[in-house]
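Reviewing the structure listed below.
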Amino acid sequence: MAVELDVFVGNTTIMDEEVYQLWLDGYTVNDAVKVRMEGGVLEECETSADVLLSDTMDQYRTFQMCERLLHSPAKLANQLLFQIPPHRQAILIERYYAFDDAFVREVLGKKLSKGTKKDLDDISAKTTVTLKSCRRQFDNFKRVLKVVEELKGPLVENIRQHFLLSDKLARDYAAIVFFANNRFETGKRKLQYLTFQDFAFCAGQLINNWTVGAVGEPVDHQRSSRVYMDVDLDKEFLQELKELKILITDKDLLDQHKSLVCTALRGKTKAFNEMEANFKNLSRGLVNIAAKLTNTKDVRDFFIDLVEKFIEPCRSDRWTAADMRLYLTHYTNSAHILDTFKHQVVWDRYMGVIKSCIFKMYHD
Amino acid sequence: MPGKLKAKIVAGRHLPVMDRASDLTDAFVEVKFGNTTFKTDVYHKSLNPQWNSEWFKFEVDDEDLQDEPLQITVLDHDTYSANDAIGKVYIDIDPLLCSEAASVISGWFPIYDTIHGIRGEINVLVKVELFNDLNRFRQSSCGVKFFCTTSIPRCYRAAMVHGFVEELVVNEDPEYQWIDRIRTPRASNEARQRLISLMSGELQRKIGLKVLEMGGNAVVGYLQCFDLEGESGLVVRAIGTACTLDKLSSGSAPSTNTHIHPNTAPASNACNSPSKDGKEPVFGEDLPSSSGPPTPFRALPTSSSSPPPFSPSKPCSRQSSSSDTDLSLTPKTGMGSGGSAGKDAGPLKTLLRQQTQTALEQRGASSSGLLLNAREFPFFTLTSFPPGFLVHAGGVVSARSVKLLDRIHNPALGNTRSYKLLDWNSVTADEPETRDAWWEEIRQEIKSHAKALGCHAVVGYSESTSICEEVCILSASGTAAILNPRYMREGCLDIGSTDHRFEEPSPPSCGFCHIPYDELNMPFPAQLTYCYHCRRQKVPDVLFTTIDLPPEAAVTGKGCLIQARLCRLKKKAQGEVNATAISNLLPFMEYELHTQLMNKLKLRSMNALFGLRIQISVGENMLLGLASATGVYLTALPASGGIQIAGKTPGDLSNEHHILTIQKRINDTIAKNKELYQINPPKLFTLDPEVFCSVNMELTEEAVGSPIPEPRQRSRLFRSHSESSDELSELDLSHGKKDAFVLEIDDTDAVEDIHSLLTDTPPPTGFYSCNTEIMPGIYNWTSGVQMFTSVRVFRLSNANLTNQGLNKIFTDLCENLLKSFYFKLRSMIPCCLCHLNVTVAVPEEELIQVAVTAVAMTFDKDQTQEKPAEKVIQKGSGEIEEQLQFPLELCADSSSTSTQQSSKISGVPETSNVSSRVSSLERGSPLPEGRSRSLRSNRSFGGSSVTVVKMTPLSFLPGTRIIKYLGIINMFFIRETTSLREEGGVSGFLHSFIAEVFAMVRAHVAALGGNAVVSYSMKECVLMENPNKNQAQCLINVSGDAVICVRETDQEPVSSSTNIGQSCSSGTDGGAT
């Protein structure tokens, strides 16, 4: 004797948020039932395990049927199959596109390709996120990337409109897409201490300041064959960055810069001596990073370079975060006083991002 | 000649990818009506084509308009090979044929394919221009309105109830034609869908003709069923109640009190043509002053939303309507009330006579065979009636007959036009006459049973079949009743002028319980007492009926769902032998079901069953019986006597001990149930004067003095098998001379029975359930509504099963199903599952299928105790409120209870109540979780372009008022798959199919301009599977009434003048008839 068929369909689709989460997390029906039982529903609702199993199966089926729609969330609002109140639709979508930081940290900056997909079981083992959930998250990334890379206009806004996500989630996706597109290296050991949120912040900075979209619709839009969008870094800007080299190649300028900075810093920090001693090294590091960004390879190593060339030396000198802030502020501002340095605009655009990134990244 | 149908194909969206190479589709559309087909241009390479076609015009007979659906086929253009079909939409244009219903169909329809399910959507516009048809011999019946609702629809008034209409049409089932072997499953399914659509259209048209001949303009309680008889054909049959309905002017809410108290109508009214009389005077009166606790329902009027189901709709006039119905008491236990009734004959009697006279005169020339027919079967499919219609209810009458389906004898008879559209040799299968004769036989039997109960009519009437291979069980049941002839069309009922029973009007709150039969000449042994409510007439000790609890009935405590379940094994056999075996089993099954019901009723200390539905399903090797009803404690009837256990062998000590324990358990259960359902014997009510004052006054002596009736009762159910029924073959269900409610434990079976009696688990706290329109004892619905359909199939293991074992399995199956509803809907607590309609089937050997459609509705717990007395006040306040357009704080409790309560619960600010119309629509929106939260008004306009369509099996939506009926929804779908595993097995397959059916119903309703479906039901759900071949097929038939409803508190201007308007209009209408 066995239940051969068991369905329950409501005119308004019934969805239990707890079960939805279990489904998203990749639990099998049986595991989900176990979790629910441990949660104490049985006692609370005076019911039996059979009932729980049947309910879980129903919900899982519903979610599976909805999944197709969730792949293009805009459809969820005007499809006819499921009658779901709008606020519930929003929850469904938001949760479906939510991801685990642990997982995303593993794939951040990797090419969203079949190859990576094959490694998902390793990632699953490493992060303890179920393989099923890993696949969903990975596919979400890919789906968003695929839609957005064809679109003009602001990245975050595009994501939000096409996938009906909250602002926060849309920004995170923008970061993921941006990293994947530019293939930033994030997996190196030295970068392990950085969280996804650190990178997401940096991505936001880069998107907002270094992409074509960041400066607004180019006036010479017609002339330029570049697509107006902010998935890619602004190539012209990267070219201009080469000009900054003068700060380290011109000896006078370098010394002048150093003295200006040191004057400003003197007496304001305990790490002054180290700063003074390391100034040239640090400045070379930052300017070299800027100058090399025209090479795709060096773009990929952007974060590792920041850590190796700047953050690590500072950390070994035990700068505090406040020291860092102080130093970078003066370092940036002092360049404006150099009369022979003509690239103020580029310098600001560059240093603004570098500053915020380093502030964010300078922690344990 | 008389009509022009116009259709325009606007656009498509979410189409499936038909061309793998481009991942796109080159779609075009064929629009077909009758034999005419138009095509749109091909819209290349898009999944969201914008055809924006011209208007395609079809010039057609209105006969065709009624029969045929508009067929829209979406195809993918392919230059080199045949075009691929994407899917179809069938649009029933019937609603456009009635001026009062929808005027245009416009909206997105799911494109449906029987193999792939829904594949995208198409936006279509359809209009009809009708020319006046002066042809007297016309075959069409455009304009006759159909309602599934089994009461007078809200926003209409019954000017006259004409009586029973029935029709059936027969055809060969395409699935069983030779051509089926060579065509694709898709073609075969589509042929079937098409055919059934045609047959339903034809059936409806024919019934419409009958209604027109009778002088009516509507069919209420329209019940259409399919019998899939396999090789012997396909029968589509329908029954209904013909009425003349007048539309209430727009503003008039059903909520206005319209109950008529029969007594009060001035005599003069009665005389004229029924339609004219007394609407007005009547209304004013409706409060039965006498009735102690006015029935809860009536009280609500202003707030109408929830309780209204019963009374509101029928408000006004009931003058001539012939059909009312009474509530019936079950015949079974006879408490005799009969005698006294007759005495006070008064004025009414004379009225009656006058009326009959006029009736005769009026009839004169026009009377047709149909009238006779109506007289022949004074049956009414209504289950709830305008106040005053139902005088007495006698009890349940039922009849079953086992038939052998024959092979087709004579092809091509044509009772009808042949179905030219079907591409095979159209052959009508059976002579419809055969089936007609079968039903005729059963109806005769029902009629004679009703007679035996001293009744002249049957209300709450329904018919059903169960088919297995070539055996078919036909069943019919209803409630024998005496109706107030004042409301009837003459000729409709056989009422001897000597009949004095109506003469003394009884208080509406108990009158229907009084026995209709003669005390001295009772049809069966019964125990009668004087009515506990009015003390004037006799009542039985238990009453079983198939109707809804009359709104005005006086009830104590709450009701609950009571089910009796039974399995009986039978040998596999063929032909006659099989039929005989089945008919031999039937009486035993009915007897046992009845005993179970009675025991369970006693166990809950209740004394009446409403909405009783006994279903017997036949399978190859077993019969399943399921009886569902809503138990209630009618204040007018004596309290239940409890259950006593007796051992067969006294003296055996261990046995006695055993008996004692069981007795104790039973007593405990009874006590617990009393508390659960708040059933306190009337004497306790003295403490609460407000509520029960009238009751006590009348009851005190009795309650104290009269001993609880001895536990001696007998019951009898009238039924018979066609085979045996020459004499009145009622089965005496009482246990001979023994006391029915002494249960004897003499063998293990009996012990099992008692155990099973005790295993019914009560619903968890906060839940109630019933199978009627609303729950007796709950009056303050809030707007949370969740309709659902659930299906379970059980496979029995091969082990040798005994009847006992099977019973256990079946009972567990039903109980578990209920439990799982309670669990799923737990977020709606406090809530009540209403109209819990359970159907069982034995689709294959060793399979048991149970399908349920019901609605969960939230209510306000704090107010469940609301006293009927208060409601009267509320009623009064209703009018004021309407004028003010918003609820006064004062009336809050009363009129706007539902809305306010919901907001209270949810914490949504009160202001939401007053907000726009749009939001009102929302109110009822079912949110499975957190009832009121869901009602937030953002729902409808929250950026989604899809109209929210609520569905309910009830005739109303709590918190809303129906302002327009848009037409009947009657849809039939087939879904088939050859990739069962890939679709998630049978469960996945059926789950998505049911969801698709809901979606298509909602889309059609929305296209008609509606926002809800009421009286929704799933009439058929036939699932066939073959997992080995990875295949499954399922047929679903659903129906309901599409409506527009607005939030209860939104009043259209006018309201106050409505009563007057009504009476005027009714006057004229009446004259016409």
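The values are calculated or read from the model by the stated rules, or taken from the named source; none is laboratory data. What you see is a predicted model, and the numbers here were worked out from it, not measured in a lab. Positions of Cβ are generated from backbone atoms using ideal geometry, with glycine treated the same way; all protein chains shown enter the neighbour counts. Only protein heavy atoms, including side chains, enter the accessible area calculation; ligands, DNA and RNA are left aside. Shrake-Rupley method; radii C 1.70, N 1.55, O 1.52, S 1.80 Å.
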Restricting attention to segment B:1004-1015, and to residues there that are open to solvent by 10 Å² or more (accessible area, probe 1.4 Å) and over 10 Å from B:I969 (Cβ atoms), which single residue is nearest to the other protein chains (Cβ to nearest Cβ)? B:A1006
For B:L223, the lone unmet condition from (1) in contact with a strand residue (DSSP E or B) (Cβ under 7 Å, 6 or more places away or on another chain); (2) farther than 30 Å from B:R157 by Cα is (2)
Considering only residues that are away from every other protein chain (no Cβ under 13 Å) and of a type in the set (A, V, I, L, M, F, W, C), which ones fall in segment B:8-29? B:I9, B:V10, B:M18, B:A21, B:L24, B:A27, B:F28, B:V29
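Has segment B:171-188 got any residue that is among the aromatic types (F, W, Y) and surrounded by 22 or more Cβ atoms within 10 Å (Cβ to Cβ)?
Of all residues in segment B:171-188, those among the aromatic types (F, W, Y) come to B:176, B:178.
From the residues that got through so far, the ones that are surrounded by 22 or more Cβ atoms within 10 Å (Cβ to Cβ) too are none.
Within segment B:171-188 (the criterion being among the aromatic types (F, W, Y) and surrounded by 22 or more Cβ atoms within 10 Å (Cβ to Cβ)), the answer is no, since none of the residues qualifies.
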Residues in segment A:47-65 that are within 11 Å of another protein chain (Cβ to nearest Cβ) and within 21 Å of A:Q83 (Cα to Cα) total 10
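Looking at B:V618, B:V577, which one is modelled with pLDDT of 90 or more and over 30 Å from B:I774 (Cα atoms)?
On the way: B:V577 fails: modelled with pLDDT of 90 or more.
One residue alone meets the criteria, B:V618.
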If only one of B:T73, B:T40 is of a type outside the set (D, E), surrounded by 17 or more Cβ atoms within 10 Å (Cβ to Cβ), within 35 Å of the chain's Cα centre (by Cα) and over 29 Å from B:L209 (Cβ atoms), which one is it? B:T73
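Quick one: in segment B:504-513, which of the residues that are closer than 16 Å to B:I547 by Cα and part of a loop (DSSP other than H, G, I, E, B) is modelled with the lowest pLDDT?
Filtering first and then ranking leaves B:P508.
Which one is farthest from B:Q66 (Cα to Cα), of the residues in segment B:206-227 that are in a helix (DSSP H, G or I) and open to solvent by less than 10 Å² (accessible area, probe 1.4 Å)?
Ranking the candidates gives B:M214 first.
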Set B:E1020, B:E983, B:E1025: member being open to solvent by 10 Å² or more (accessible area, probe 1.4 Å) and either away from chain A (no Cβ under 11 Å) or farther than 23 Å from A:V7 by Cβ (or both): B:E1020
Which one is modelled with the lowest pLDDT, of the residues in segment A:47-77 that are open to solvent by 60 Å² or more (accessible area, probe 1.4 Å) and over 18 Å from A:Y97 (Cβ atoms)? A:D50
Does B:P516 meet the test of being over 26 Å from B:L245 (Cα atoms) and either touching a strand residue (DSSP E or B) at 6+ places or on another chain (Cβ under 7 Å) or modelled with pLDDT of 70 or more (or both)? yes
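Yes/no matrix, rows are residues, columns are (1) in the same structural domain as A:Q59 (by the TED database); (2) hydrophobic (A, V, I, L, M, F, W, C); (3) surrounded by fewer than 21 Cβ atoms within 10 Å (Cβ to Cβ); (4) over 18 Å from the mean Cα position of the chain (by Cα):
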position: A:H87; (1), (2), (3), (4): yes, no, yes, yes
position: A:A90; (1), (2), (3), (4): yes, yes, yes, yes
position: A:R105; (1), (2), (3), (4): no, no, no, no
position: A:K111; (1), (2), (3), (4): no, no, yes, no
position: A:A125; (1), (2), (3), (4): no, yes, yes, yes
position: A:F141; (1), (2), (3), (4): no, yes, no, no
position: A:V148; (1), (2), (3), (4): no, yes, no, no
Since A:E44 meets every condition but one in (1) more than 8 Å from chain B (Cβ to nearest Cβ); (2) under 35 Å from the mean Cα position of the chain (by Cα); (3) open to solvent by 60 Å² or more (accessible area, probe 1.4 Å), which condition does it not meet? (2)
I'm checking my understanding of the structure. Among residues of segment B:817-839 that are open to solvent by less than 10 Å² (accessible area, probe 1.4 Å) and not aliphatic (A, V, I, L, M), which one is farthest from the other protein chains (Cβ to nearest Cβ)? B:C832
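Would you be able to tell me the number of residues in segment B:10-53 that are in a strand (DSSP E or B), closer than 25 Å to B:C142 by Cβ and either in contact with a Pro (Cβ under 7 Å, 6 or more places away or on another chain) or not aromatic (F, W, Y) (or both)?
Selection size over segment B:10-53: 4.
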Picked from segment A:10-32 (must be farther than 18 Å from B:G784 by Cβ and either more than 39 Å from the chain's Cα centre (by Cα) or not in a helix (DSSP H, G or I) (or both)), the residue farthest from the other protein chains (Cβ to nearest Cβ) is A:D25
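Among the residues that make up segment A:347-361, is at least one of them among the basic types (K, R), open to solvent by 20 Å² or more (accessible area, probe 1.4 Å) and more than 23 Å from the chain's Cα centre (by Cα)?
No, because not a single residue in segment A:347-361 is among the basic types (K, R), open to solvent by 20 Å² or more (accessible area, probe 1.4 Å) and more than 23 Å from the chain's Cα centre (by Cα).
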Kindly indicate whether any position in segment B:1014-1029 is modelled with pLDDT under 95 and either in contact with a Lys or Arg (Cβ under 7 Å, 6 or more places away or on another chain) or closer than 22 Å to B:V128 by Cβ (or both). no
Identity of the residue in segment B:194-205, buried (at least 23 other Cβ atoms within 10 Å of the Cβ) and among the polar types (S, T, N, Q), that ends up farthest from B:E172 (Cα to Cα): B:Q204
Touching a residue at least 40 places away in the same chain (Cβ under 8 Å) and part of a strand (DSSP E or B): is that true of B:I91 in this structure? yes
Selected residue (criterion: farthest from B:D227 (Cα to Cα)) from residues of segment B:459-503 that are at pLDDT 65 or above and among the polar types (S, T, N, Q): B:N484
